[in-house]
Amino acid sequence: MSSANASLARRVVGYAALIALAVVAAAPLLWMLSTSLKSNSNVFSYPPQWIPHDWKFSNYTSLWDDLPMNRWLLNTAFISTAVVLGQLLFCSMAAYAFARMTFRGRDLLFYVFLASLMVPYQVTLIPAFVLISKLGWIDTYKALIIPQLSTPFGIFMLRQFFMTLPKELEEAARLDGASYWRIYRTIIIPLAKPSLLAFGVFSFIGMWGDFLWPLIVTNTPDKMTLTVGLNYLSNSYNTDWARLMAGDVISLAPLMLIYAIAQRYFIQGIAMTGLKG
Amino acid sequence: MSVVSSPPPARAQSRGRGRGRSQRSRETLAAWLFLAPSTLHFVVFTVGALIASLVISTWQWDLVTEHQFIGVDNYTALVNDPQFFTSLGVTGIYCLITIPSGIVLGMLIALALNQKLRGMATFRFVYFIPYVAPVAAVALLWRWMYNTQYGILNWFLSGILPGDVNIDWLGDPRLAIVAAGIMDVWKNLGWSVTLFTAGLLAIPAHYYEAAELDGASAWQRFRYVTFPLLTPTTFFLVVMGVIGSFQVFDSIYLMLGDTPSSHATTYNFYIWQQGFRYNNMGYAAALSWVLFAIIGIVTFLQFKFLNKRVNYELG
């Protein structure tokens, strides 16, 4: 009996912790949503009200009137998508060579890639910026996309996954005289789909939230991404909290949608970055 | 999959060593073609950039006028730069705020959750929202929550503490870094909870059964079984926490603007300030190499001294 009681008590504590943490995680975001729909007087009412007095959707529409919101949304979606597709292609190609091919210097090259994971990004930030400005690429999509097209981390992660794939199909295909490209395209890629999706979603979310690089390589609102746009917004609206929070909601909403759809892959991606790395 | 079922070509198998060599060189060629895009990228943006960064760190250069070679002067100038030391201190304080609280909270919550409760997937979805959200977006949100007069945080604290709480979270120069740290803990809590949950799942049940047979209390089971076996996770979070603290930029920039007080200027923020606000490219490059060295040394020391206490029995 006492063990049944103990298990009930444990479950109650467990649920209490679950709910408490959910409240802590969600309350600030609900506060953002609530503020974004308030009138200016309602924003500053004290004590704070969680449910807006008068649902002021014009906070959102006025952002579209004043600022290139569509442009920022499109820029962010375009840059994130282009970078992720590029990373998936280039990193998986390199990962396939490292995982499955034998050639002189393979292990050395792999360790060089691996060692570069220890380099903090600040060290390469300044030369990358200098290169981009010497090329005259400041304020272009090229500047936002090309420096991110491959990452040693992606190569490492995908290579680890490719190593676990069964070799039989490839060997049979080799005996059939299939080229390496054909094996990569018709065997490896389909088998590796879950890990590619996990890496892709993880990388997409990182790109969407990237701030420092777009901040230093863009000047005009035309080329800005949503995160840099938020900074622009916060400089122009100062303490107009309702509109600032509306901007926040707009920058978050598409990402949240993708996260909701691809949650499974995203959490796998995090697991892959974690402990056993 | 059609590749597999197509009939094998009637190819002569008798070409012997010649075939072996041409096969090998074909494989090498193919491998380099597969590696070409990533390697080219790596040569330009990592290897080339590292060399360039080292060279720039020996220059006095504002990006516009002709650079001047000044040898190691940028590095020796660090010794006389009070902001360099202040930024190191600020980053250290940031570590002390975020790492222990992230670990303690993450472990406590993971322990509370370590039962097969229903609805875990839904809860986990919610916990990860702050982690997924861009730092820029949540920094703006927290700037509003930290508002002295109308912020929800002071209102909440006034409710649970005696008297009216009017903390000037972002205006007080020394408190601002604490405020940024609290936001960081909130943002990353889902991550540490998940890592600890995975760590707990890896502990075999018979460890607990044996402990129970020996009459161990719940505290003793935690102290002698759970805690030691979670040390790899704890160690990983400490190492990542230190590295992450040296990368803090977005939240400071969006909550405090481009010239925060020196007591809120994190190391990474100082690099940005020197490079992109004052156009001291050489000095910023030197700062970034010192950062590289510091992270290397700190990580090495952590492995040397903390790793001894890490229990990898399950690894």
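The values are calculated or read from the model by the stated rules, or taken from the named source; none is laboratory data. Keep in mind it's a predicted model, so treat the numbers as computed, not measured. Positions of Cβ are backbone-derived with ideal geometry, glycine not excepted, and every protein chain shown enters the neighbour counts. Note: accessible area is taken over every heavy atom of the protein model, side chains too, but ligands, DNA and RNA are not part of it. Shrake-Rupley method; radii C 1.70, N 1.55, O 1.52, S 1.80 Å.
Taking Cβ atoms as reference points and 14 Å as the exclusive limit, the residues near B:Ala264 contribute a net charge of -3, counting Lys and Arg as +1 and Asp and Glu as -1.
The length gained on full extension between B:Val298 and B:Thr122, counted as 0.36 nm times the residue separation minus their Cα-Cα distance, comes to 59.6 nm.
Note on the range A:40-110: with charges restricted to the Cβ of Lys and Arg (+1) and Asp and Glu (-1), its dipole about the Cα centre is near 520 debye. When the solvent-accessible area of the protein assembly as shown is split by element, carbon and sulfur atoms take up 65 percent of it, the probe being 1.4 Å.
Per residue of peptide A:210-217, the mean number of Cβ atoms on other chains within 10 Å of the residue Cβ is 4. Derived value for the protein assembly as shown: Kirkwood hydrodynamic radius 26.6 Å. Basis is the mean of 1/r over every pair of different alpha-carbon atoms. Taking Cα centroids, how far is the range B:242-315 from the range A:1-50 in Å? What the calculation gives is 33 Å, centre to centre. Shielding of peptide A:109-119 by partners, expressed as the average count of other chain Cβ atoms within 10 Å per residue Cβ, is 3.
Projecting the Cα positions of B:Pro232, B:Pro162, B:Phe269 onto the charge dipole of chain B (unit charges on Cβ atoms of Lys, Arg, Asp and Glu, taken about the Cα centre) puts B:Pro232 furthest along the positive direction. Most tightly packed first, judged by the mean number of other beta-carbon atoms within 10 Å of their residues, the peptides B:156-165, A:111-120 read A:111-120, B:156-165. log10 I(q)/I(0), Debye, Cα-only chain B, no solvent, q = 0.11, 0.16 Å⁻¹? Debye intensities relative to I(0), on a log10 scale: -0.92, -1.32. With a 10 Å cut-off around each Cβ of A:23-32, the average count of Cβ atoms from other chains is 6. Principal semi-axes of the equivalent ellipsoid, √(5λ) from the alpha carbon gyration tensor of the range A:36-108, are 52, 16, 8 Å from largest down. Rounding to the nearest 10 and keeping the result within 0 to 90°, find how far the Cα-based axis of helix A:152-163 lies from the longest principal axis of chain A. Long axis of A:152-163 versus the principal axis of chain A: about 60 degrees.
For B:His41, the accessible surface of its heavy atoms amounts to roughly 30 Å² (probe 1.4 Å, protein chains only, rounded to the nearest 10). Working note: Karplus 6.51/-1.76/1.60 with θ = phi - 60° gives the range B:264-274 the couplings 10, 8, 6, 4, 5, 4, 5, 4, 4, 4, 5 Hz, where Gly and Pro are set to x. According to the square roots a ≥ b ≥ c of the eigenvalues of the Cα gyration tensor, what is the shape class of chain A, taking rounded for a/c under 1.5, prolate for a/b larger than b/c otherwise, and oblate for the remainder? Note, shape of chain A comes out oblate. Once A and B are treated as a pair rather than alone, how much accessible area drops out, both sides summed, in Å² to 100, probe 1.4 Å? Summing both sides, the interface buries roughly 8600 Å².
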